[in-house]
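Read the structure below first, then the notes.
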Amino acid sequence: MIIVAIILSAVAYIIGSLSSAIIVCKFLNLPDPRTTGSMNPGATNVLRIGGKTPAIITLAGDMLKGFIPVLVAHLIGISGFFLGLVALSAVLGHIFPIFFNFKGGKGVATALGAFLGLSLIAGIAIITCWVLVAAILRYSSLASIIAALVAPILMLIFANAGYLLPMLMITLLLICGHMENIKRLRSKTESKINF
């Protein structure tokens, strides 16, 4: 089963490497998200570039990249640490995509999808946390940081303790990806979401 988990982790990484933002922008004749706006290939930047519909499609695509590999692994019988490893691999694929010179997005939506695959209850709780912070304070970055911080705790409460190490790695990746946002939040220069 360990070999199967490693193979599924590799597949999850490859799926994660498919950039929904770049694909959506290309099909809809929008500017490349890597060269426009925040220059981040993620749903928030696509919202700025193309509006709600492309952003929703991008968000759904990125979440499915995390959700589907974890769900398949779960259905096959992978559990605990190795299921968490599949989730981590999908997020790593989004952040360091093999198809785009290892320069990807921040991994938030893919992580949220993976969390749903790991535990429906914990995943919904983490997404609810993100939505509430984003809706009230209108900072996507702050919502992502807070959701990343509470994710391991909620997984411990509602899911499997075996997920802890991969969850902590995902949290670290998400926080590191938002270091510039943290600086802007502290200096009060961070852009707010325009719904």
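Being farther than 21 Å from Ser141 by Cβ, of a type in the set (A, V, I, L, M, F, W, C) and not in a helix (DSSP H, G or I) is the filter; apply it to segment 59-108 and report the residue that is modelled with the highest pLDDT.
In this case the residue turns out to be Ile78.
Could you please let me know if Leu64 is surrounded by fewer than 22 Cβ atoms within 10 Å (Cβ to Cβ) and under 14 Å from the mean Cα position of the chain (by Cα)?
yes
If Gly107 passes every condition in (1) of a type outside the set (Val, Ile, Thr); (2) crowded, with 22+ Cβ neighbours inside 10 Å; (3) touching a residue at least 40 places away in the same chain (Cβ under 8 Å); (4) at negative phi but one, which one does it miss?
(4)
Name the residue that is farthest from Lys192 (Cα to Cα), counting only residues in segment 38-56 that are more than 19 Å from the chain's Cα centre (by Cα) and surrounded by 17 or more Cβ atoms within 10 Å (Cβ to Cβ).
The qualifying residue farthest from Lys192 (Cα to Cα) is Gly50.
Output the number of residues of segment 9-26 satisfying the condition of being surrounded by 22 or more Cβ atoms within 10 Å (Cβ to Cβ), assigned to a helix (DSSP H, G or I) and in contact (Cβ under 8 Å) with a residue 40 or more places away in the chain.
Result for segment 9-26: 5.
Let me confirm something: among Asn40, Asn29, which residue is under 20 Å from Ala114 (Cβ atoms), part of a loop (DSSP other than H, G, I, E, B) and at pLDDT below 95?
Values: Asn29 fails: under 20 Å from Ala114 (Cβ atoms).
When all the criteria are applied, what remains is Asn40.
The values are calculated or read from the model by the stated rules, or taken from the named source; none is laboratory data. Please read all numbers here as calculations on a predicted model, not as lab measurements. Positions of Cβ are generated from backbone atoms using ideal geometry, with glycine treated the same way; all protein chains shown enter the neighbour counts.
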